[in-house]
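*Asks:* Provided herewith is a single structure, encoded as structure tokens, for subsequent inquiry.
Readers should treat all values here as calculations from the given coordinates under stated rules, not as data from a laboratory. As the structure is a prediction and not an experimental result, all values here were calculated from the model. All Cβ positions, glycine included, derive from the backbone under ideal geometry; neighbour counts span all protein chains shown.
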Amino acid sequence: MSRARAVGQRVPAPVIDIVLVSVAAVDVWLNMWEHTRLGLALAAVGCAALVFRRRFPLGVFLLTLPVALMQDVAVAVLVALFTLAERSRNRRLLAACVALAAVASSTPWPLAEVDRTMTLVFFVYGLATAAAPVLFGQLLQAQRDLARRLVDIEEAREHERALHAQAVLARERAQLAREMHDVVSHQVSLIAVRAGALQVAAKDADAKDAARTIRSLSVTTLDELRTMVTLLRASGGHATELTPQPTLADLRKLVESSGTRVELSGELPPTVGTPAQRALYRTVQEALTNVRKHAPGARACVELWQDGDDVGVTITNSPPTRPSLSLPGSQLGLVGLRERAEVLHGTLEAGPTKEGGYRARLRIPLSAD
């Protein structure tokens, strides 16, 4: 049944209509008892009406009843019954149509003396014949309903799986938020407190300045941690007010609080988009962090520049003046910057210089968004 239905879906409807009308016409011509003008006209109307069986199934069936008067088994009537059964859910109507078809096929034409026994036999035979396409049409209708029901069930299961995945993600985010709040935030708070105490107690100017920088960075980190914890606890279920993202206007403050001797030069046009400004800021932030970690005592130069339709920043640092400490790192900072640059259709180049320092260069289109 499914194979026949698939074939029916591939063949255009007009082709099917032409074939059915042709088969019904040939059936009438070969099996009609008497080829009178009236009989031929009624048969022609009944066969031609099959073209409209999809839009007017009941009307087409009624138009094919005269064909059933003229022969025992009429293709036109069976096709009309099948179409009506495929589209109608009114069981009483279908039963009445089966009875009408059986009566039409068992009634002698032209009307003459009626043999009750033979008429009853023909009626039972016509009843069984007319019931077959109705049952087949109802079966096809039930199959379509079942297919739609299976699709609805599958969609409901997909939705249930999505909800389950969201619930699992929400629990994981909530657990991560608790860990960040209870462990990381606590430790950063201790760093800020110790740095504040060192700033007050230290007598050396360099030590005071270093303690002030540590305390400032710790406070900033705490603010960012609180924002991240808030976002994680929201679990994507409700809108959460986001902390304003950094732009080029915040670059000088970043340089001054970096704890490194940095020279900032160059300017960029005010038409630089917000995503591009954020990428430039994050690149400088990561580069200066790497200078502090891997090149203690080095000087850094941050240069903003524009080259035609591209803008960018170059961060260059000198060789370290003292050995670097072994600090934990994810080794993914530059990888993340390259991915950010690729999203904006830009490039990031990073590598050591001939003088023993390091250089990172970001280039992105001015119109990046």
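*Asks:* Which net charge results for the neighbourhood of Leu366, defined as the other residues with beta-carbon distances under 9 angstrom from its beta-carbon, given Lys and Arg at +1 and Asp and Glu at -1? Spell out each step's value before the answer.
*Replies:* Details: positive: none; negative: Asp309, Asp310.
Summing Lys/Arg as +1 and Asp/Glu as -1 gives -2.
*Asks:* Nearest 0.05, what FRET efficiency do Leu176 and Glu339 give at R0 = 25 Å with Cβ-Cβ as r?
*Replies:* 0.70
*Asks:* Can you tell me which lysines have their Cα less than 28 Å from the Cα of Lys208? Leave out same-chain residues fewer than eight positions away.
*Replies:* Qualifying lysines at Cα under 28 Å: Lys253, Lys293.
*Asks:* If R₀ is 25 angstrom, what is the calculated FRET efficiency for the pair Gln141 and Ile18, using the beta carbon separation as r and rounding to 0.05?
*Replies:* 0.50
*Asks:* Okay, moving on. Between Ser367 and Asp307, with labels modelled 7 Å along Cα→Cβ, what's the label distance in nm to one decimal, could you check?
*Replies:* In this crude spin-label approximation the distance works out to 2.0 nm.
*Asks:* Measuring from a point 7 Å past the Cα of Asp206 along Cα-to-C-beta, which residues in region 288-302 have an amide N at less than 12 Å?
*Replies:* 297-298
*Asks:* Let me ask something additional. Work out the FRET efficiency for Thr271 and Asp152 from their Cβ-Cβ distance, taking R0 = 41 Å, and round it to the nearest 0.05.
*Replies:* That gives a FRET efficiency of 0.20.
*Asks:* Once you put a point 7 Å from the Cα of Phe123 and another 7 Å from the Cα of Ala165, both along the Cβ direction, what distance in nm separates them?
*Replies:* Rounded to a tenth, the inter-label distance reads 6.4 nm.
*Asks:* If I model a spin label as a point 7 Å beyond the Cα along the Cα-Cβ vector, how far apart are those points for Lys293 and Leu222 in nm?
*Replies:* 2.3
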